[in-house]
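Below: one structure, written as structure tokens.
The values are calculated or read from the model by the stated rules, or taken from the named source; none is laboratory data. Keep in mind the model is a prediction, meaning the values are calculated, not measured. In this analysis, Cβ positions are derived from the backbone assuming ideal geometry, glycine residues included, and neighbour counts consider all displayed protein chains. Areas reflect the complete protein model, heavy atoms only, side chains present, ligands, DNA and RNA absent. Shrake-Rupley method; radii C 1.70, N 1.55, O 1.52, S 1.80 Å.
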Amino acid sequence: QVQLVESGGGLVQPGGSLRLSCAASGSIFSINAMGWYRQAPGNERELVAAISSGGSTNYADSVKGRFTISRDNAKNTVYLQMTSLKPEDTAVYYCNADLLVWGKNYSIAYWGKGTLVTVSS
């Protein structure tokens with residue numbers, strides 16, 4: 001059993017900052033890529049940022065220069081530092097991890113339940 005639990009969402013004014021965290025727990029052997037996705041009402045879920053096990057990162061064009069993804073492999077945790085937030089960043093943010101569990105020889109993608117970020121004055 002694997003769980004991904006997000007935290008750090010909330011209401012913030014335009015131009016403000018938030019830091020999201022996502023901790024993975026359970027029968028984890030190793031974690032490959034981790035990432036953050038978001039889904040705004042009426043929109044499809046989209047990739048925001050991803051980070052490999054080695055620390056390579058990629059970002060959606062809309063957040064480049066404003067968001068930073070990082071991870072702590074010892075804690076099985078991924079972070080998303082969001083700055084200069086805009087109303088269009090309002091969405092439910094989901095954590096994703098591609099990981100190997102004990103007893104399996106293939107990786108599985110797991111999702112968190114999401115955390116709401118609202119950017120509004």
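Identify, please: which residue in the range 102-115 is farther than 18 Å from Ala49 by Cβ and in contact with a strand residue (DSSP E or B) (Cβ under 6 Å, 6 or more places away or on another chain) and is, among those, most open to solvent (accessible area, probe 1.4 Å)?
Trp102
Just one of the numbered conditions (1) in contact with a Gly (Cβ under 7 Å, 6 or more places away or on another chain); (2) more than 20 Å from Gly8 (Cβ to Cβ) is not true of Ser107; which one?
The failed condition is (1).
Among the residues in the range 59-66, are any within 12 Å of the chain's Cα centre (by Cα), at pLDDT 95 or above and more than 19 Å from Ser7 (Cα to Cα)?
Looking for residues that are within 12 Å of the chain's Cα centre (by Cα), at pLDDT 95 or above and more than 19 Å from Ser7 (Cα to Cα), one finds at least one in the range 59-66, hence yes.
Take the residues in the range 15-46 that are aromatic (Phe, Trp, Tyr) and closer than 19 Å to Ile69 by Cα, then tell me which one is most open to solvent (accessible area, probe 1.4 Å).
If we take residues in the range 15-46 being aromatic (Phe, Trp, Tyr) and closer than 19 Å to Ile69 by Cα, then Tyr37 is most open to solvent (accessible area, probe 1.4 Å).
If you go through the range 53-99 one residue at a time, how many are touching a residue at least 24 places away in the same chain (Cβ under 8 Å), open to solvent by 30 Å² or more (accessible area, probe 1.4 Å) and not basic (Lys, Arg)?
Qualifying residue count for the region: 13.
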